[in-house]
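Since the structure comes first, as structure tokens, the remarks are kept for the end.
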Amino acid sequence: MSPASGPRVGLFVTCLVDAMRPQIAFATLHLLEEAGCIVEVPQKQTCCGQPAWNSGDNRDAAALARQVIAAFEPYDYLVAPSGSCAGTIAHYPELLGEDPVWGPRASALAAKTHEVLSFLVDVLGHVPTGQRLEASATYHDSCSGLRELGVHDQPRRLLAAVDGLELRPLEGDNVCCGFGGTFCIKYPAISNAIVGEKAAAIEATGADLLLAGDLGCLMNMAGKLNRNGSKVRCFHTVEILAGGGDGPAIGEPQ
């Protein structure tokens, strides 16, 4: 697939990536272009509306959803480096289903929205080559990507193509890290207990790196690991696939 004939992809950057870890967006852009996509970043994109929707503020969530739909419906696909945000967009038909104008538009966008790791494997059939990283890593399955979008085997298949990278199993890899968006704000003590168990399981692997597909989860786990004095370094999976892993990790000084 050549860049001139590839699918036109709108890259949904996500709020956390934009504010906290923009290199994830650049890594995603690199991987999509390498796979033959024509990638654009719509300047009018906003938050997907997940915090409002999870808090029961359907009015503001719907307003944000309409902005996202308008910004991304001209593209063949919407791709996000986040199962959480992609999962929220997949629920737009539920949020706007009673609107005779926006309901069908919401369904159309939801049908072409993908999390980046599953998009590379399931839609494009693309596995990056030529990357090498001498390290051991363990993988956390973020709740939204796993449970709402079925993202599980895809990141492992992609990471298996990185020469020198040893992927070690994580006990409870499919168990929540305690972040849960607004959950960690509403229930900080419970959140801390959950991430404490997760950090212990990560340390038990003896891996150099912790990888995942959602920045919120990674920031939560990196924060706990750092507070514990751990040497485990945390990266979004796309950073490793795009040749990263030797620069500052999540939670480290940039």
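Taken together, the values in this text are just the output of simple stated rules run on the coordinates, not laboratory data. As the structure is a prediction and not an experimental result, all values here were calculated from the model. All Cβ positions, even for glycine, are placed from backbone atoms using ideal geometry, and neighbour counts span all protein chains on display.
Taking the Cβ of Leu210 as the center, what net charge do the other residues with Cβ under 15 Å away carry, scoring Lys and Arg +1 and Asp and Glu -1? Kindly include the intermediate steps, with their values, before the conclusion.
Values: positive: Arg21, Arg156, Arg168, Lys198, Lys224, Arg227, Lys231, Arg233; negative: Asp141, Glu166, Glu171, Asp173, Glu197, Glu203, Asp208, Asp214, Glu239, Glu252.
Neighbour charge sum, excluding Leu210 itself: -2.
Rounded to the nearest 20, the size of the Cβ-charge dipole of the range 8-122 about its Cα centre is 160 debye, with Lys and Arg at +1 and Asp and Glu at -1. Local charge sum around Val13 (other residues, Cβ-Cβ under 14 Å, Lys/Arg +1, Asp/Glu -1)? Residues near Val13 contribute -2 overall. Each other residue within a Cβ distance under 13 Å of Leu117 adds +1 if Lys or Arg and -1 if Asp or Glu, for a net charge of -4.
In whole angstrom, how far apart do the alpha carbon centroids of the range 69-102 and the range 131-153 sit? For the range 69-102 versus the range 131-153, the Cα centre distance is 23 Å.
Projecting the Cα atoms of Ala63, Ile185, Ala212 onto the charge dipole of the chain (Cβ charges, centred on the Cα centre) puts Ile185 farthest toward the positive pole.
Here, P(r) means the percent of Cα pairs in each 10 Å bin from 0 to the largest distance; for the range 8-122 it is 15, 50, 29, 6.
Candidate values [x] 19.8; [y] 19.0; [z] 18.5 were compared with Kirkwood radius over Cα pairs in Å computed on the shown model; the agreeing label is [z].
Distance from the Cα centroid of the range 219-254 to that of the range 1-59 is 21 Å (rounded to whole angstrom).
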